[in-house]
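Each remark here refers to the structure printed beneath this line.
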Amino acid sequence: MRHLLTTAGLAREDAIRILDTAAQMAATQERETRKLPTLRGKTVVNLFFEDSTRTRISFEAAAKRLSADVINFSAKGSSVSKGESLKDTALTLQAMGADAVVVRHWASGAAERLATSGWVHGSVLNAGDGTHQHPTQALLDAYTIRKHLVESPDGAGLDGLRVAIVGDVLHSRVAGSNGYLLTTLGAKVSVVAPPTLLPVGITARPELEVFYTLDEALDAHKFDAIMMLRVQRERMTGAAFFPSPEEYTRMYGLDAARMARLPEQAIIMHPGPMNRGLEISAEAADAPNSVIVEQVANGVAVRMAALYLLLAGEEAAE
Amino acid sequence: MTGTILGAPDISRAITRIAHEIVERNDGAGNIVLLGIPTRGLPLARRLADALVAIEPTFDSAARTGALDITMYRDDLHRQPTRAIGTTTMPTAGIDDATVVLVDDVFHTGRTIRAALDAISDLGRPRTVQLAVLVDRGHRELPIRADYVGKNIPTSRSERVDVRLLEVDGEDAVVLRRGENEGAGEGA
């Protein structure tokens with residue numbers, strides 16, 4: 001594995017290897033000294049063309065815990081705001097000797113372009129590209145589900161588990177990545193959204209079951225995990241995707257009543273940041289079976305695993 | 001000389017002798033913590049713990065035996081394909097102020113032990129660290145020595161020493177093999 005760009009086509013054994021490595025990384029984070037010397041001398045560049053708090057901080061923490069040097073680059077306040085292109089920015093980073101570039105970009109496919117263009121020689125990790133993919137988020141979601149719901153998680157997939165992904169699927173790269181990854185790991189995935197917030201062609205994917213209201217989905221299945229997506233209003237320009245926020249909450253919001261219809265051991269997930277009161281009620285977000293805060297902690301371990309697997313091995317393997 | 005160097009009875013005798021040496025050197029087993037380096041150091045550490053119990057029945061083998069994975073502390077990570085990370089299990093008794101005995105199968109260049117010493121310092125502060133190995137095959141690259149050695153086996157660099165243990169390989173044996181190419185040594 002040289003880059004981590006998408007979960008589509010990620011082999012099951014590779015995915016499980018990342019999750020197993022993440023479990024070992026998580027264990028090291030309970031030690032007295034949490035820093036490991038593993039990536040000493042490597043440079044990781046966080047290249048963020050789009051706002052992000054948790055993903056950037058999470059990658060930064062992961063790289064630092066492995067002793068890599070971290071250079072943060074955000075489009076705001078840089079030459080990008082003067083009109084510099086992705087290519088020129090990438091060439092600059094290459095000249096600085098980046099061993100890995102963690103890239104978040106508003107354009108779908110930006111990470112792929114960076115990895116295949118030859119502009120940078122290091123590994124490229126996709127930290128979210130447009131509405132396309134966000135592989136480390138899906139991996140941390142899978143890790144969280146596995147940790148909670150699989151009895152002996154080491155080496156295991158998510159076979160037989162049923163996961164609901166609810167909300168703004170159209171704009172969600174989290175949903176994009178989870179759809180592939182969770183299915184690869186053996187889980188059954190149901191997608192719940194208004195037709196206006198579903199990407200074209202999703203009903204043609206046989207591995208995904210589509211529901212148009214949350215109640216319908218809750219009637220049909222006993223879900224082991226329910227993943228609420230953020231309504232991405234910043235991407236909803238120029239068109240109305242639902243009549244009103246109140247109606248969206250009524251049809252797709254997770255509240256106490258709907259939470260009570262979930263099986264007892266089911267976990268509630270959200271990639272954050274949350275719109276409390278819109279897609280998830282405060283009651284659900286703060287419920288004992290909500291793992292939303294834990295997802296953030298697991299994110300560091302999963303990103304440590306990804307950085308380790310991409311950067312630690314011999315360079316001749318490229 | 002190639003072929004089987006140690007058989008099951010030899011390995012068993014070596015472990016018993018090392019256990020006695022540990023007790024003698026440290027005036028008892030009271031403060032001893034055993035840390036096995038995966039893969040094969042771990043079963044050896046467990047056997048050594050059992051041997052200590054035979055000598056001192058008060059030795060709490062479960063609370064004083066752990067596993068120390070050193071993958072992330074290796075100095076040759078970038079020269080080899082990516083390695084899977086093993087499990088580190090701290091003994092429930094902890095390692096602070098204890099006499100930690102590192103246990104490994106083959107003692108070769110000393111680089112594994114160098115990495116293990118770094119790993120230990122991230123986990124706590126033992127009073128002393130000692131090293132027990134089943135086989136010392138020489139060719140040290142660092143100024144590190146073993147405190148307890150099951151068997152010294154002089155080797156050439158091209159030879160391979162394979163330690164096979166019941167728990168991992170289904171049999172107990174130490175086998176010396178002629179290497180296919182120069183410099184391919186097992187158990188660095």
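The values are calculated or read from the model by the stated rules, or taken from the named source; none is laboratory data. Note that this is a predicted model, so its numbers are computed, not measured. Cβ coordinates were reconstructed from backbone atoms using ideal geometry, including for glycine residues, and neighbour counts include every protein chain displayed.
Condition first: assigned to a loop (DSSP other than H, G, I, E, B), crowded, with 18+ Cβ neighbours inside 10 Å and more than 17 Å from the chain's Cα centre (by Cα). Now tell me which residues in segment B:154-178 satisfy that. Listed by number, the residues that qualify are B:Thr155, B:Glu159.
Taken over segment A:222-252, the residue count meeting the criterion of being farther than 18 Å from A:Gln137 by Cβ and β-branched (Val, Ile, Thr) is 2.
Kindly evaluate A:Phe241 against the criterion of being at pLDDT below 95 and surrounded by 18 or more Cβ atoms within 10 Å (Cβ to Cβ). Considered against the rule, which asks whether it is at pLDDT below 95 and surrounded by 18 or more Cβ atoms within 10 Å (Cβ to Cβ), A:Phe241 comes out as yes. Scanning segment B:39-93 for residues that are over 26 Å from A:Pro153 (Cα atoms) and within 14 Å of chain A (Cβ to nearest Cβ) yields B:Arg74, B:Asp75, B:Asp76, B:Leu77, B:His78, B:Arg79, B:Gln80. Can you tell me which condition B:Val23 does not meet? The list is (1) within 14 Å of chain A (Cβ to nearest Cβ); (2) in contact (Cβ under 8 Å) with a residue 24 or more places away in the chain; (3) of a type in the set (A, V, I, L, M); (4) surrounded by fewer than 24 Cβ atoms within 10 Å (Cβ to Cβ), and all the others hold. Unmet for B:Val23, out of (1) within 14 Å of chain A (Cβ to nearest Cβ); (2) in contact (Cβ under 8 Å) with a residue 24 or more places away in the chain; (3) of a type in the set (A, V, I, L, M); (4) surrounded by fewer than 24 Cβ atoms within 10 Å (Cβ to Cβ): (1).
Tell me which residues, restricted to segment A:137-191, are aliphatic (A, V, I, L, M), within 21 Å of A:Pro263 (Cα to Cα) and within 18 Å of the chain's Cα centre (by Cα). Result: A:Ala142, A:Ile145, A:Leu158, A:Val163, A:Ala164, A:Ile165, A:Val166, A:Leu182, A:Ala187, A:Val189, A:Val191.
When segment A:280-316 is filtered for residues that are within 14 Å of chain B (Cβ to nearest Cβ) and in a helix (DSSP H, G or I), the ones remaining, listed by number, are A:Ala301, A:Val302, A:Met304, A:Ala305, A:Ala306, A:Leu307, A:Tyr308, A:Leu309, A:Leu310, A:Leu311, A:Glu315, A:Ala316. Quick check on segment A:237-258. Is at least one of its residues closer than 30 Å to A:Met1 by Cβ and either touching a Pro at 6+ places or on another chain (Cβ under 9 Å) or of a type outside the set (S, T, N, Q) (or both)? For segment A:237-258, residues closer than 30 Å to A:Met1 by Cβ and either touching a Pro at 6+ places or on another chain (Cβ under 9 Å) or of a type outside the set (S, T, N, Q) (or both): absent.
Among the residues of segment B:113-162, those that are within 14 Å of another protein chain (Cβ to nearest Cβ) and touching a residue at least 60 places away in the same chain (Cβ under 8 Å) comprise B:Ala116, B:Ile120, B:Pro126.
Of the residues making up segment A:201-232, those that are over 26 Å from A:Ala287 (Cα atoms), touching a strand residue (DSSP E or B) at 6+ places or on another chain (Cβ under 6 Å) and not in a strand (DSSP E or B) number 1.
In segment A:35-44 there is at least one residue that is modelled with pLDDT of 90 or more, away from chain B (no Cβ under 14 Å) and surrounded by 19 or more Cβ atoms within 10 Å (Cβ to Cβ). Scanning segment A:181-189 turns up no residue that is at pLDDT 95 or above, in the same structural domain as A:Leu139 (by TED's automatic domain parsing) and within 16 Å of A:Tyr252 (Cα to Cα).
Of the residues examined, A:Ser67 is not one that is in a loop (DSSP other than H, G, I, E, B), surrounded by 14 or more Cβ atoms within 10 Å (Cβ to Cβ) and away from chain B (no Cβ under 14 Å).
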